[in-house]
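Read the structure below first, then the notes.
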Amino acid sequence: MAKVFRTDSVGKIRQKKAEWQEDCYSKQKELDKEFKTLSGIPVEALYTPEDVAPMDYLRDLGFPGLEPFIRGVYPTMYRGRTWTQRQLAGFGPPEETNKRYKFLLEQGATGINGVFDYPTLRGYDSTDPFARADAGRGGVAIDTIDDMRILFDGIPIDEVSTSLVTCQPICNISIQSMYFGNAQNRSIPIKALAGTSQNDFLLETVVTIAPGVLPPEYSFKLSCDAIEFCTRHAPRWNPVSYAGYNYRESGCTAVQEVAFVMANAIACTEELLRRGLPLESFAARLSFFLSAHSDFFEEIAKYRAARRLWAKIMKNRFGAKNPRDLMFRFHVQTAGVSLTAQQPLNNVSRASYQALSAVLGGAQSVHVDSYDEALCTPTELSSLTALRTQQILQLETNVTHTIDPLGGSYFVESLTNQLESRIEAMIEEIDRLGGLVKAVKQGWIHQEIANTAYEYQKAVEAGRMPIVGVNCYRLENEELPFEIFKNPETLAIQEKKLERIKKERSNQEVERVLGDLGRACDQGDNLMELLVEGVKSCVTEGEISGVLKKHYGVWNPPLF
Amino acid sequence: MTRQKRVVMARLGMDAHWRGSIIVARALRDAGMEVVYLGNQLPEGIVQSAIQEDADVVGLSSLSGNHMILAPEVVKLLRAGGAGDIAVILGGTVPPDEIAPLKEAGIAEVFGPGTPLEKIIAFIEGINHKVSE
């Protein structure tokens with residue numbers, strides 16, 4: 001027992017606070033507004049030891065690198081090594097994105113964060129009728145393993161860690177296989193590869209739905225296939241990154257964001273245990289991806305609450321014993337949804353505050369949004385400014401000198417406790433619905449997100465949520481202060497390559513791979529075991545998805 | 001007297017972002033309009049539904065950047081199908097310099113990021129080309 005405050009002191013403080021409230025505070029005028037966090041948690045004027053009095057230091061806070069990890073997952077945190085500065089990049093054909101990767105690495109980025117275009121993320125070839133207008137948009141276009149070769153050409157993938165933003169499992173199963181297959185073609189064993197793939201079935205079925213979605217149970221299965229494969233063959237790879245960031249972008253509150261990533265990780269853990277994998281073989285490789293939205297303290301409290309709660313879940317639900325299996329490790333991206341198209345240079349300030357909250361919250365890696373992202377794909381200048389924002393934060397502000405600098409703040413600890421109990425309650429609600437996969441099938445998650453998104457917008461419209469340049473401090477006749485990024489020609493390039501590849505490859509070999517894939521689908525086998533080798537035939541992503549949809553069927557998500 | 005406005009809404013092509021279109025759809029419903037939400041569609045599918053549903057307005061949403069290709073295509077196909085009187089509006093991340101060419105191609109109005117819902121509702125309510133018989 002190590003109570004933070006003695007009961008008799010707390011009694012005295014409570015009494016004095018009541019006097020202060022009465023004699024001082026209430027005599028002054030308070031602004032006519034509701035004081036609450038972005039997720040709706042009421043915020044008091046002042047926090048005192050009374051608010052954290054029930055806490056036991058050793059049980060509830062402890063030390064970095066030790067249970068319950070709330071103060072940080074590693075003993076030294078940023079005194080030992082800085083967070084990974086992983087700026088998202090991807091547009092056009094792979095030839096163009098390869099140049100941007102190299103540019104960011106030369107400028108000091110410490111990892112690659114590769115995003116794929118809309119068709120690739122949904123399992124379509126660039127030339128598909130549905131895909132043509134979106135080829136190369138929002139990310140890089142990848143159709144075959146040859147595109148993957150071009151994308152990473154000249155980049156030492158045995159040294160640099162790569163995050164593959166393969167949002168959807170239908171994409172991940174092909175694209176991660178191509179990344180691994182390409183490494184083998186370069187004589188790099190996959191057990192040497194370090195990185196992360198996103199591979200989140202909630203993105204496929206709820207958050208970024210597209211035409212021809214796989215049914216939730218199969219999208220979930222593909223996600224687990226990749227986790228199982230990496231557990232067996234790629235021990236340095238994080239095979240899933242539960243994308244709370246994207247959930248938040250589509251409308252979630254901070255509470256829903258963390259509750260849904262944890263419910264997702266719980267579902268995967270249950271499935272992998274069912275497949276016979278020991279907990280300690282995969283638990284430490286489950287990673288998380290969260291947003292840094294604009295409510296500064298709530299975000300910091302959110303990261304801290306997530307660390308403590310995850311340790312508790314792994315221990316109590318799954319009996320985890322290895323300390324590494326209790327660690328909530330996460331990447332952060334500043335909130336794209338908070339960026340404005342109006343007076344866009346203001347976005348530099350927004351993203352800086354958000355990045356600061358991520359670092360004060362103990363993130364393992366960070367992406368800072370570029371100022372032009374409400375208007376277009378980032379230009380070289382805006383990407384560089386975002387990277388420099390990280391470097392200024394790391395090198396000039398000294399915020400890295402002590403670990404969890406806000407630990408012990410009456411307010412932050414109190415908010416952390418409140419967020420933790422709200423997140424826990426929501427996870428229990430999902431349990432009652434039969435777990436996350438069932439909650440998705442019933443449309444419950446869709447409803448939850450759409451409702452909060454609508455509430456958020458109504459708060460903005462009513463002026464309850466001020467956004468500078470949008471509902472206050474507007475400029476009339478604004479002129480854009482920078483050049484807009486123009487997407488390079490993609491479709492014609494991909495079309496030409498596909499045409500050539502389809503002529504040069506052995507179509508007999510491709511047919512064999514697709515036939516084997518269909519059988520593996522029907523038998524419930526792990527598809528990645530087959531595809532890492534199979535993609536070397538230059539089978540296209542679209543051809544693979546076609547087989548998956550034929551054997552698993554497609555699902556019409558509830559239309560909110 | 002004008003009839004209840006009927007709006008067919010769709011996300012263009014592969015665009016993944018549903019938040020904007022769903023919020024607009026809900027706001028239009030709350031404002032008393034009839035909304036048919038199609039999800040992701042190509043121009044052919046959108047036009048077919050708009051004609052079948054006898055829509056007053058087609059509301060397109062895109063944040064992927066595909067709007068310069070697909071939005072004018074919707075207008076073209078509506079006109080070819082004899083339904084050129086259906087107004088086509090577009091919302092999403094549209095760079096300012098692309099608004100003029102879109103309007104030239106027949107897009108009735110473009111609503112960029114940060115547009116108040118009221119403005120979209122008022123615009124649709126102001127469209128009066130279809131009067132109940």
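Worth a mention:
- Largest-first ellipsoid semi-axes for segment B:63-105, taking √(5λ) over the Cα gyration tensor eigenvalues, angstrom: 20, 10, 9
- Cα-Cα pairs of segment B:83-133 separated by more than 14 Å (percent): 56 percent
- Solvent-free Debye calculation, one equal scatterer per alpha-carbon of segment A:407-560: log10 I(q)/I(0) at 0.16, 0.18 Å⁻¹ equals -1.04, -1.11.
- Equivalent ellipsoid dimensions for segment A:300-352 as semi-axes, Å, which come from the Cα gyration tensor, largest first: 36, 9, 8
- Using every pair of separate Cα atoms, the Kirkwood estimate puts the hydrodynamic radius of segment A:13-126 at 20.2 angstrom.
- Every Cα-Cα pair in segment A:59-461 was counted, and those over 42 Å apart are 5% of them.
- Globularity ratio of segment A:344-456, using Cα Rg and 2.2 N^0.38 Å: 1.41
- Here's the picture: charge each Lys and Arg Cβ at +1 and each Asp and Glu Cβ at -1 in segment A:31-81, and of A:S39, A:P68, A:A53 the one pushed furthest to the positive end of that dipole is A:P68.
- With helices as the sole contributors, the protein assembly as shown gives -14000 deg cm²/dmol at 222 nm; each DSSP H run of n ≥ 4 counts as -39500 (n - 2.57), and the sum is divided by every residue.
- Area projected by the alpha carbon convex hull of segment A:163-272, averaged over all directions, nm²: 6.7 nm²
- Taking other Cβ atoms within 10 Å as a rough exposure proxy, A:I313, A:I170 sort from fewest to most as A:I313, A:I170.
- Here's the picture: charge each Lys and Arg Cβ at +1 and each Asp and Glu Cβ at -1 in the protein assembly as shown, and of A:F296, A:A450, A:P215 the one pushed furthest to the positive end of that dipole is A:F296.
- Taking A:F130, A:F229, A:F482 and counting other C-beta atoms within 10 Å, the order from fewest to most: A:F482, A:F130, A:F229
- For segment A:245-338, the Kirkwood estimate of hydrodynamic radius, built from reciprocal distances between every pair of different alpha carbons, is 13.8 Å.
- Value of Rg to Rh for segment A:87-223, rounded to two decimals, is 0.96; Kirkwood radius and Rg both from alpha-carbon coordinates.
- Fraction of the pair-distance distribution of segment A:187-345 above 27 Å, Cα-Cα pairs, percent: 26 percent
- Cα-based Rg and Dmax for the protein assembly as shown, where Dmax is the largest Cα-Cα distance (Å): 25.6, 86
- Compactness index (Cα Rg / 2.2 N^0.38 Å), segment B:6-125: 0.93
- Net charge in the neighbourhood of A:M1 (other residues with Cβ under 11 Å of its Cβ; Lys, Arg +1, Asp, Glu -1) is +1.
- Whole-percent P(r), segment A:208-259, all Cα pairs, 10 Å bins from 0: 22, 35, 37, 6.
- Among A:444-455, A:85-96, the order from most to least packed when residues are scored by Cβ within 10 Å on average: A:85-96, A:444-455
- Charging the Cβ of each Asp and Glu at -1 and of each Lys and Arg at +1, and nothing else, the dipole of the protein assembly as shown about its Cα centre rounds to 1600 debye.
- Mean-position separation - Cα centroids, segment A:493-539 and segment A:242-296, in angstrom: 31 Å
- Taking a sphere under 12 Å around the Cβ of A:V258 and counting the other residues whose Cβ falls inside, with K and R at +1 and D and E at -1, yields a net charge of +1.
- Average beta carbon contacts from partner chains per residue of A:130-136, 10 Å cutoff: 6
- For A:T379, net neighbour charge (Lys/Arg +1, Asp/Glu -1) across residues whose Cβ lies under 9 Å away: -3
Values quoted throughout were computed directly from the atomic coordinates according to the rules given, and no laboratory measurement underlies them. Given the structure is predicted, the values throughout are model-derived calculations rather than measurements. When we count neighbours, we look across all protein chains shown, and the Cβ atoms used for this are built from the backbone with ideal geometry, even at glycine.
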